[in-house]
There are 2 protein chains.
Amino acid sequence: MSGAPAPGCPLCDGVGGTLVWQGQRCRVIRADEAGYPAFYRVVWQAHVAEWTDLTLADRAHCLDVVAAVETALRAHLGPDKINLASLGNMVPHLHWHVVARFAWDRHFPAPVWAAAQRAANVERESAVAARLPALEAELAQSLARLV
Amino acid sequence: MSGAPAPGCPLCDGVGGTLVWQGQRCRVIRADEAGYPAFYRVVWQAHVAEWTDLTLADRAHCLDVVAAVETALRAHLGPDKINLASLGNMVPHLHWHVVARFAWDRHFPAPVWAAAQRAANVERESAVAARLPALEAELAQSLARLV
């Protein structure tokens, strides 16, 4: 598992979203997922497919970053649930989804990948989005201390 | 976050599937998910909702068990992808899904929670299921060494 950039991989070719923080081994991006303003991804910088392709130290570091994102979402947004996932069936470049879920969001309690259960609540989505600059500033500071 | 059993929680009241291994802090079960013979869950024994409700040591232990399951699935089944997720919107008792995904399975490359894309391949599902006894025996041995 060399980790060399893979031709045509969108997470090798680009950032993949709005960059929140970048370290040597991974980065945090805010995804642009309709209806989910607080949808973040922790993207491993090297092109590896599976979490267990990483060394033990790298796995721990990757999950420390995931935990920092989860902690920031809980502190700033008070979500009803945090959803974590590493899937990668379409883009087999290791990335962890970290999503703040609310009982009023379009899919709750189903996963965001299931069929929507209700219309978007644009007002509440906007209220969440308004909190993200402060959240991301604090998150970037906490991640800078981590490495 | 006391972790005391929660009334009505299906993962407090029962095992939640076929027990593969049980430790002091978590257990591994095989779920009975139609079309997914190799669908496992790592269930935290105490009733906590979020991964970051755990201490740092417990988070690491929980993910060591997840990694052991992922490693066993890769070694025995050669899946096209491993899917990991901690969602818990419906059952907010910490559990990690660890699923072996194949390009021929009903939802690939979509998540298993999305709409199915094709009919079940019963023959290939049976071939996967036939490998599980050996996989689970080896997994239980490796987990016994972990703790």
Exercise for the section: Quantify how strongly other chains surround peptide B:93-105 by giving the mean number of their Cβ atoms within 10 Å of each of its Cβ atoms. Expected result: 1
Problem - Teacher prompt: B:Pro5 distances to equivalent labels in other copies, 7 Å Cα→Cβ, nm - result: 5.6
Practice task
Note the distances from B:Ala57 to each other copy's matching label point, with points 7 Å along the Cα-to-beta-carbon direction, in nm, sorted shortest first.
Solution key: 2.3
Problem - Between the stretch A:23-43 and the stretch B:105-129, the alpha-carbon center distance in angstrom - result: 28 Å
Handout entry: Debye intensity ratio in log₁₀ form over the Cα atoms of the stretch A:10-144, taken at each q of 0.14, 0.16, 0.17, 0.21 Å⁻¹
Key = -0.62, -0.81, -0.91, -1.32
Practice task
Could you check how many percent of all C-alpha pairs in the stretch A:1-79 are farther apart than 13 Å?
Solution key: 70 percent
Practice task
Taking every pair of Cα atoms in the protein assembly as shown, average 1/r, invert it to obtain the Kirkwood radius, and report Rg/Rh to two decimals.
Solution key: 0.94
Problem - Across the protein assembly as shown: Cys residues that no other cysteine approaches within a C-beta distance under 4.7 Å - result: A:Cys26, A:Cys62, B:Cys26, B:Cys62
Handout entry: Projected label distance in nm at B:Val15 and A:Gln24, using a 7 Å step from Cα toward the beta-carbon
Key = 4.6 nm
Problem - Calculated label separations, A:Gln22, copies of the chain, 7 Å along the beta-carbon direction, nm - result: 5.0
Exercise for the section: Read phi for every residue in the stretch A:76-88 and hand back ³J(HN,Hα) as whole Hz from Karplus 6.51 cos²θ - 1.76 cosθ + 1.60, θ = phi - 60°, with x for Gly and Pro. Expected result: 8, 10, x, x, 6, 7, 9, 10, 10, 7, 10, 10, x
Exercise for the section: Once you have a ≥ b ≥ c as the square roots of the Cα gyration tensor eigenvalues for the stretch A:66-147, tell me rounded if a/c is under 1.5, and otherwise prolate or oblate according to whether a/b is larger than b/c. Expected result: oblate
Handout entry: Estimated [θ] at 222 nm from DSSP helical runs (n ≥ 4, -39500 (n - 2.57)) normalised by residues in chain B, nearest 500
Key = -10500 deg cm²/dmol
Practice task
Name the nearest-to-axis residue of chain B, judged by Cβ distance to the rotation axis taking chain B onto chain A, and quote that distance in whole Å.
Solution key: B:Ala85, 2
Problem - Of the trypsin sites (Lys or Arg not before Pro) in the stretch A:23-113, those whose Cβ has at most 15 other Cβ within 10 Å and which sit in DSSP loop - result: A:Arg25
Fill in the blank from the handout: Between A:Gln141 and B:Ala114, the FRET efficiency computed from the C-beta separation at R0 = 41 Å comes out, to the nearest 0.05, as 0.70
Completion exercise
Within the set A:Trp96, A:Trp51, A:Trp104, GNM on chain A using Cα springs under 10 Å gives the largest fluctuation to A:Trp104
Handout entry: Label point distance in nm, A:Leu56-A:Ser126, each placed 7 Å from Cα along Cα→Cβ
Key = 5.2 nm
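Each reported figure results from applying straightforward, stated rules to the coordinates on display, with no laboratory input. Remember, it's a predicted structure, so these values are computed and weren't measured experimentally. Heads up, the Cβs are rebuilt from the backbone with ideal geometry, glycines too, and the neighbour counts pull from every protein chain shown.
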